[in-house]
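These notes are about the structure you will find just below.
None of the figures in this text is laboratory data; all of them are computed from the coordinates on show. In this text the structure is predicted, and so the values were computed from the model without any measurement. Cβ atoms come from the backbone with ideal geometry, glycine included; neighbour counts cover every protein chain shown.
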Amino acid sequence: MRVYLPCLFVLLCGISLLVGARQMSGYQLITLSDDAWLTLTASRLPRLITVSLTGVGLSICGVILQHIVRNKFVEPATSGGLDAAKLGILVSLTLMPTAGAGSRMLAALLFCFAANVVFITIVRRIKFTNTVLIPVIGLMYGGMLSALAEFYAYRHNILQSMQGWLLGDFSKIVQGHYEIIYLILPVIVLTYLYAHRFTVLGMGEDIATSLGMNYLVTSTLGLMLVAITVSVTVIAVGAIPFVGLVIPNLVALYYGDNLTRTLPAVALSGASLLLACDIVGRLLLYPFEVPIGLTTACVGGILFMVLIVGRTQR
Amino acid sequence: MITVQDLHKTYGSRTVLSAVNLRFPSSQLTSLVGPNGAGKTTLLMMLARLLKPSRGDIRLDGSQVTGIPIDEYAKQVATLRQTPEFNLRLTVEELVAFGRFPYSRGRLTRHDHRVIDDALAFLSLTALRGAYLNELSGGQRQMAFLAMTIAQQTDYLLLDEPLNNLDIKHAVQIMQALRRLCDEQGRTVILVVHDINFAANYSDYIVAMKDGAVHCDGQVSDVITERRLSELYGLKFDIAHNERGYLCNYFKPSGNLE
Amino acid sequence: MTVKTRHTVWVAVVALALAFVFVRSGFDFEYVIPKRLERLATMVIGGICVAWSAITFQSLTGNRILTPAIMGYEAVYLLFQALLMLMLGTRSLMLLGEHGNAALSILLMLGYSWTLHRWLFRDDRDNVYFLLLVGLVLTMVITTFTQFVQLKMNPGEFSILMGYSQATFGNASATQLLYATLIVATICLAGLKSLPMLDVLLLGREQAISLGVDYRRCVQRQLLLIAALVAVSTSLLGPTAFMGIFVANTAYALAGTYRHQVTLPVGCAIAIALFILAQLLVEHLFNYKTTVGILVNLVCGAYFLSLMVRTRGTA
């Protein structure tokens, strides 16, 4: 299984490079004719990088959140993070319409971080964290933030375009418009460095403190990493639900919960899942695309159902 | 009398109960004892019809329990599980009144009120009847729930670890009340209990379970022996028996633990 | 709290109703007053649906922070409306007429809930939390689809769609109201008999079974009733997700007892009052710069958050 995963990933990368509206034969690829090179560098390669990084980033987000909240069903979509980012973008668009993507990302980041902090504070007061109640509350919390965004958007008449931000779509990825996604790289590095601490975090505040770890600092760091990833992905791509939910659970089934060991598997699986969904989305209605948000919703939803049903069988 | 024949319970490939054959004597107090994972609670839940057996049958006074309709069964068997975290604004009296549901479906008659009063008096809860449940201590709350099952006026009472998290005084009070229910009202009480001393001192009949099967069962004097209990729990027991009752000392066994 | 406070609530409702109908109407009995009465009737029926379904749902799930919307009923409705708008465009309004649309929506929501229950309640499984989890997933998936569909339509269609997706009171005609009243009245009368059973359900699954309640059948039946009520209110008003939480919890607080016989009527009164108040605010304070749906969701959403903080999630 350990060898299987990287091989799968590489294979999917290859397929991703070859699939697209513009026909590219293997011959063209190898000889790197001008046309092929342009398609490759301007569109395919950036897309591949974005998809992989998003997949990695989102699954890592999921795993961090799950350890902080100590609940298997939490991820940015079920903890209000995505909706908060949407609100942040909205506010920045209306308050500073001329600002660039950078400041929009900053606004999204701030809102996402604040929303996560509020959510965690609320959840910590809840007695039984190991139930389905948490993601349900998270979903409703996200719905409330959405309602706030709608209220705001309605007054400024950008309700419909706002819906557009929320649907993940990789077709916008083109060289020159995606570089912001590279911000996920430092997040990945930091998560790997702190993997052990996040695992301890997942055992609860009491155990973590008794083991000498500063619970508050570590969880704040975790939340910050999550906020960065979510805001970057929402700005660059849109919202992609379920990846952070399904991947950590699947990986934990096979590899357990020790992050230092499982982080590579989580990252690779996340990237592979998203690549697979992206390829399917590009092939299904060739040459048109199904937005990634839709494919992950379907695939992720089914996978998640299987997970729940399997879990409650026992 | 409740009889259990060839009862099995499996979850997928995991067998939790196998080949259980038992007869629970009527109007007596039976304790289910044994180490963790022995299947005691599973057995009790199947008697309560909260779980379906994978194989085998359970009979109540000769007829299969699966054939008895739910509301009829409620008039014959009452179950009390662990008291959940309670945040309903209920007074003790309102809780006990629920016990009359199988009979009056919410409309309390004068007879119902009398039964409720009797149940409260039986457990000396009359003074607390107007108090709210979340203002009571754990022990008092447990007594209130017991009063509810008493008001249900069933012949059989099933209790799952009723003494958990209770201080010693309330634990003794509950056991004494259960004993009186058998002696004075002729009810059959079956309970899962962890404390072997309470089981030894208050039961008539003991069923000892281990690893999903019946290890031994019989009158208290037959089961509460040093040999039997050591086999059951894997600990060395020192049992003292005088006219006051049994004392099982397993706290500081001599020699090494296996 | 007592009979007196309960009466006060109803008095407040009547006062609000009168204010709504008559204030600034110029006593125009030709047009303004009948229109307002229609809207009032919508609020009353909608209020009853929201309150009844929310309180019952909370009793079933044993938790005061939940609302039937998380089962996905409203998400299905929104998807249906979006699809309709996408495929038929504004012609859908003419093609189906408002009756057709409402009838189809209700049937769809009922069908959805029936399939859900059939699938979820087989194999001896009657764990309500499992139901919630599935509802959660389905809501997320369906909402994603709805967002996709909304993107594909032109802005004109989108704004019409928004009319359906936000709770408003002006949409229903007199005949629709009549049908809705009949449905709701039947449901409530049918539900009246099982009120004591709902009380017992408050004690939890195992205690209810021990007291002789056919738990599985009871839950199934109640969920169906809830689905029907949500269907009617959604097609009449639009989605009202968070309102149920606010109404239910205020009802418990005001009623002072657990008995559904008391909490249900009080809840209905509160819901109706909330609707009237929101409409008055939208008309006179906000000058239509926002809709009732958004306002209600906002206020009730904030209430939901504060509730979670206060009650530690186990209320």
> What ranking of A:S231, C:S173, B:S221 emerges when the number of other C-beta atoms within 10 Å of each C-beta is taken as an exposure proxy, fewest first?
Replying inline: B:S221, C:S173, A:S231
> What list of ³J(HN,Hα) values in whole Hz, one per residue of region C:145-158 in order, does the Karplus curve 6.51 cos²θ - 1.76 cosθ + 1.60 (θ = phi - 60°) give from phi, with Gly and Pro shown as x?
Replying inline: 4, 4, 4, 4, 4, 5, 5, 7, 8, 7, x, x, 4, 4
> Assigning unit charges at the beta carbon (Lys, Arg +1; Asp, Glu -1) and nothing else, what dipole magnitude in debye, to the nearest 20, does region A:82-220 show about its Cα centre?
Replying inline: 160 debye
> How crowded by other chains is A:138-145, given as the mean number of beta carbons from other chains within 10 Å of each beta carbon?
Replying inline: 6
> Taking N as the number of residues in chain C, what is its alpha-carbon radius of gyration divided by 2.2 N^0.38 Å?
Replying inline: 0.99
> When Cβ neighbours within 10 Å are restricted to other protein chains, what is their mean count per residue of peptide B:69-75?
Replying inline: 4
>> If you restrict to DSSP beta bridges whose two residues both lie in the protein assembly as shown, what percentage is antiparallel, to the nearest 5?
In response: 60 percent
>> Suppose we keep just the alpha-carbon trace of chain A; what are its Rg and Dmax in angstrom?
In response: 19.5, 62
>> Under 5 Å between amide hydrogens, which residues at least 5 positions from B:K210 or on another chain qualify, with H placed 1.01 Å from N in the peptide plane?
In response: B:H215
>> Which order do the peptides B:50-58, B:171-179 come out in when sorted by mean C-beta neighbours inside 10 angstrom, highest first?
In response: B:171-179, B:50-58
> Per-residue HN-Hα couplings for region B:127-139, Karplus 6.51 cos²θ - 1.76 cosθ + 1.60 at θ = phi - 60°, whole Hz, x for Gly and Pro?
Replying inline: 5, 9, 4, x, 6, 7, 4, 6, 9, 8, 6, x, x
> Could you put A:L223, C:L236, B:L108 in order, starting from the residue whose Cβ has the fewest other Cβ atoms within 10 Å?
Replying inline: B:L108, A:L223, C:L236
>> Test of understanding: ordering B:M148, A:M144 by Cβ neighbours within 10 Å, fewest first, what list do you get?
In response: A:M144, B:M148
> When the Karplus curve 6.51 cos²θ - 1.76 cosθ + 1.60 is applied with θ = phi - 60°, which whole-Hz ³J(HN,Hα) does each residue of region A:137-147 get, with x for Gly and Pro?
Replying inline: 5, x, 5, 5, 4, x, x, 5, 4, 4, 4
>> Just the number: Rg to Rh for chain B, Cα atoms, Kirkwood Rh, two decimals.
In response: 0.98
> Per-residue mean of other chain beta-carbon atoms within 10 angstrom of the beta-carbon, peptide C:208-221?
Replying inline: 5
> When the helix-only estimate is applied to chain C (DSSP H runs of n ≥ 4, each -39,500 (n - 2.57), divided by the residue count), what is the mean residue ellipticity at 222 nm, nearest 500 deg cm²/dmol?
Replying inline: -26000 deg cm²/dmol
> By how many degrees, 0 to 90 and rounded to 10, does the Cα axis of helix A:4-18 deviate from the longest principal axis of chain A?
Replying inline: 40 degrees
> Tally Lys/Arg at +1 and Asp/Glu at -1 over every other residue whose Cβ is under 13 Å from the Cβ of A:C13; what's the total?
Replying inline: +1
> Normalised by the residues of region B:165-258, what does the relative contact order come to in percent, with Cα pairs under 8 Å and at least six apart?
Replying inline: 17 percent
> Which distance in Å, rounded to a whole number, links the C-alpha centroids of region B:96-149 and region C:258-306?
Replying inline: 38 Å
>> Sort A:291-298, C:240-247, A:194-201 by packing, meaning the average of other beta carbons within 10 Å per residue, with the highest value first.
In response: C:240-247, A:291-298, A:194-201
> Under the rule of -39500 (n - 2.57) per DSSP H run of 4 or more residues, summed and divided by the residues of chain B, what mean residue ellipticity at 222 nm is obtained, to the nearest 500 deg cm²/dmol?
Replying inline: -9500 deg cm²/dmol
>> For q values of 0.05, 0.10 Å⁻¹, compute log₁₀ I(q)/I(0) with the Debye formula on a Cα-only model of the protein assembly as shown, without solvent.
In response: -0.35, -1.19
>> Could you order the peptides C:103-111, C:255-263, A:111-119 from most to least packed, using the average number of other C-beta atoms within 10 Å per residue?
In response: A:111-119, C:255-263, C:103-111
>> Over 25 Å between Cα atoms: which of B:K75/B:K169; B:K52/B:K210; A:K72/B:K40; B:K40/B:K236; C:K35/C:K152; B:K210/B:K236 fall into that group?
In response: B:K75/B:K169; A:K72/B:K40; C:K35/C:K152
> Out of residues 5 or more away from B:L17 or on other chains, whose amide H comes under 5 Å of its own, with H placed 1.01 Å from N in the peptide plane?
Replying inline: B:K9
> At what distance in angstrom do the alpha carbon centres of region C:49-88 and region A:45-60 lie from each other?
Replying inline: 35 Å
